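Peer 1: Take this structure, written in structure tokens, and hold onto it; I'll ask about it next.
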Amino acid sequence: MGLRKALRWGCFGVLGLLAGCGGMDDGGAPEEGLGQGHTDAEVTAPADGLEVAPALTLHDERRVQATPPLAPLPARFQPAFHQSLRESVSVGTVTTYRMKVPVGRTGGRVRVTFRSGDGSLTLQRATVAKAGANGALTSAPVALTFNGGAGFTTGTRTLVTSDPVAFPVAFGDELAISFEVKGALGKSRIQAFPDSWTRAGAYATAQGALGGQAWEFATGVATVDVEGTPGRSFVTIGDSITEGYMDDRNDTRDTWSFLTQRQLGVPVVNSGASGQGFWDANLQLPQEVLSLQGVTDCIVLLGVNDLAAADMTVPKLQQRMTQLLDQLQPMCRLWVSTLLPKEKMGADGGDVELMKAQRHEFNAWIRGLTRADVIDLEAVTRQPGNVDLFIDGLETDGIHPNAKGHQLMAAEVVRVLKAKGGL
């Protein structure tokens, strides 16, 4: 059987679909649409670059076109690390910071987004390297550039992203991001980045230990994106429980976000901010979450700080959660957690009984959500006989879970994501 008949039977395959043909060979003239003088070899590489599927011979000697193998998806940037930087720190002379951050994604190129604080910021030089212990590097520092230049100057509360740089990383690597700055930088609210350092002077290219003084606040570095095979990418949105406050010394690697990332093997970056309620979450969302590129899923654990606040009611809580989800929904699949037990009010005081009643009602509303998948973290952290108390040994102060509590939370998040999310 010749090429023309093979092309007619090709209607069953990819080429047939692209040509718009619809049925079996009706005996019509196959010559229509074929130029003169073409051979089989000449049409195996069409001008438009489409891959020609191999011809298969059926048992009755008819030939059809097989579906060609799918091409791999092009690499893309997705977040591998993120941190909300709500506070500000200023330096009057050139100072080097070296932040040690874990990354949850494998790929061949990286880019780093910096955030200024409450004032202008000048960054004169920045590098990225693999991090060792005590502020030392285990690879040669690679220079970051910004629109082709070595640094930048920017105004108050702005995000500046570096150019992509070739720098292969693997899931679970620790990076040292060193940068020489003067002015105001965004800073986290809690200390949760051990083995990070600061030193007066210009030392971004120093490969040995930076020296200076320990500095465990996340500072300047808002996001690290890694270019690799596209896949699921999560961001968690919450307050101090999500940011990872446990006591005076914390580590972002102990948070339920990071533990979920480690168990699933996909990025789960942390956008928690201590003290955050719905009002500031909605206000900060454009810079801290909506600015992220490549996020597929958002997990919200928020509302504890709003309970029993002045003039706060459960309908207002519902309205503000709805506003948050409205902003997130075009970006990602929604996951919402119930609020954890809260045994007492915070330092600002408040009506404990009102707080408990609001939490019960708000959690019941969350469990009834249909626009989001629900993760019931209250159910796994509360005492069986009292929904307002943590299981013994899971909390530090009646409000914040400890390391064991975060481990239990992560296990439940992983269970639900696997069951409902196809991971």
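The values are calculated or read from the model by the stated rules, or taken from the named source; none is laboratory data. The structure presented is a predicted model; accordingly, all values stated were derived computationally and were not measured. Glycine also receives a Cβ, built like all others from the backbone with ideal geometry; neighbour counts cover every protein chain displayed.
Peer 1: Give me the residue from the range 381-415 that is surrounded by 19 or more Cβ atoms within 10 Å (Cβ to Cβ) and among the β-branched types (V, I, T) and, out of that set, farthest from R333 (Cα to Cα).
Peer 2: I399
Peer 1: Determine, yes or no, whether M331 is outside any helix (DSSP H, G or I), over 27 Å from V268 (Cβ atoms) and either over 17 Å from the mean Cα position of the chain (by Cα) or hydrophobic (A, V, I, L, M, F, W, C) (or both).
Peer 2: When the stated conditions are applied, M331 does not pass them.
Conditions (1) closer than 16 Å to F193 by Cβ; (2) of a type outside the set (S, T, N, Q); (3) modelled with pLDDT of 95 or more; (4) out of contact with any Pro (no Cβ under 6 Å at 6 or more places or on another chain), marked per residue:
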| position | (1), (2), (3), (4) |
| --- | --- |
| N250 | yes, no, yes, yes |
| T255 | yes, no, yes, yes |
| Q276 | no, no, yes, yes |
| D280 | no, yes, yes, yes |
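Peer 1: Considering each of V160, V181, V128 in turn, give the residue that is closer than 23 Å to V289 by Cβ, out of contact with any His (no Cβ under 7 Å at 6 or more places or on another chain) and buried (at least 18 other Cβ atoms within 10 Å of the Cβ).
Peer 2: Being closer than 23 Å to V289 by Cβ, out of contact with any His (no Cβ under 7 Å at 6 or more places or on another chain) and buried (at least 18 other Cβ atoms within 10 Å of the Cβ) holds for just one of V160, V181, V128, which is V160.
Peer 1: Now for a different question. In the list K404, K418, which residue meets the criterion of being in a helix (DSSP H, G or I), within 21 Å of the chain's Cα centre (by Cα), under 25 Å from T260 (Cβ atoms) and in the same structural domain as F258 (by TED's automatic domain parsing)?
Peer 2: Sole residue among the options that is in a helix (DSSP H, G or I), within 21 Å of the chain's Cα centre (by Cα), under 25 Å from T260 (Cβ atoms) and in the same structural domain as F258 (by TED's automatic domain parsing): K418.
Peer 1: Ok, one more. Can you pull out every residue in the range 336-373 that is surrounded by fewer than 19 Cβ atoms within 10 Å (Cβ to Cβ) and either touching a Cys at 6+ places or on another chain (Cβ under 9 Å) or outside any loop (DSSP other than H, G, I, E, B) (or both)?
Peer 2: Residues satisfying the conditions are V352, E353, L354, K356, A357, H360, E361, A364, W365, R367, D373.
Peer 1: Quick check on the range 129-143. Is at least one of its residues of a type in the set (S, T, N, Q), out of contact with any Ser or Thr (no Cβ under 8 Å at 6 or more places or on another chain) and within 22 Å of Q284 (Cα to Cα)?
Peer 2: Scanning the range 129-143 turns up no residue that is of a type in the set (S, T, N, Q), out of contact with any Ser or Thr (no Cβ under 8 Å at 6 or more places or on another chain) and within 22 Å of Q284 (Cα to Cα).
Peer 1: What residue, among those in the range 141-157 that are small (G, A, S) and assigned to a strand (DSSP E or B), is surrounded by the fewest Cβ atoms within 10 Å (Cβ to Cβ)?
Peer 2: Restricting to residues being small (G, A, S) and assigned to a strand (DSSP E or B), the top hit is G149.
Peer 1: With respect to D173, is the statement that it is within 19 Å of the chain's Cα centre (by Cα), acidic (D, E) and at pLDDT 95 or above true?
Peer 2: yes
Peer 1: Take the residues in the range 131-140 that are on the phi < 0 side of the Ramachandran plot, touching a Gly at 6+ places or on another chain (Cβ under 9 Å) and in contact (Cβ under 8 Å) with a residue 60 or more places away in the chain; name whichever of them is surrounded by the fewest Cβ atoms within 10 Å (Cβ to Cβ).
Peer 2: Across the range 131-140, the extreme among qualifying residues is A136.
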